[in-house]
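To start, the structure under review is shown below, and the notes come after it.
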Amino acid sequence: PVWSAVSVMGMQLKDINREIGSRMDPEGWSEIHNKVVGSEEELIRKKGSGSRWALGICVGEVIDAIVRNTGVCMTVSTFIK
């Protein structure tokens with residue numbers, strides 16, 4: 001990911017941890033990122049193909065939070081070109 005663009009509740013993570021995403025990162029954010037990206041495949045592998053609903057349910061939760069302006073903090077990622 002482009003760690004310089006990552007923010008949580010409006011705060012840039014690069015401002016908090018200059019080493020984020022690097023080998024020197026004491027918090028291991030790259031490992032966390034890899035686990036989040038692979039979580040759907042792991043869920044399907046463990047629970048079967050019926051768990052493909054997981055992505056749709058997550059999208060619904062994000063949309064609900066936006067529409068109702070709940071202020072909840074969620075893990076969301078996107079591809080940046």
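Overview of results
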item	result
Net length gained if the chain between Thr75 and Met24 were fully extended (0.36 nm per residue, minus Cα distance)	16.1 nm
Debye equation applied to the C-alpha atoms of the chain, log10 I(q)/I(0) at 0.15, 0.19, 0.23, 0.27 Å⁻¹	-0.71, -1.01, -1.17, -1.26
Cβ-Cβ FRET estimate between Asp64 and Asp15, R0 fixed at 35 Å, reported to 0.05	0.75
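Each value in this text was obtained by applying a stated rule to the coordinates, not by laboratory testing. None of the values given here were measured: they were computed from a predicted structure. Every residue, glycine as well, gets a Cβ built from its backbone with ideal geometry; the counts of neighbours run over all protein chains shown.
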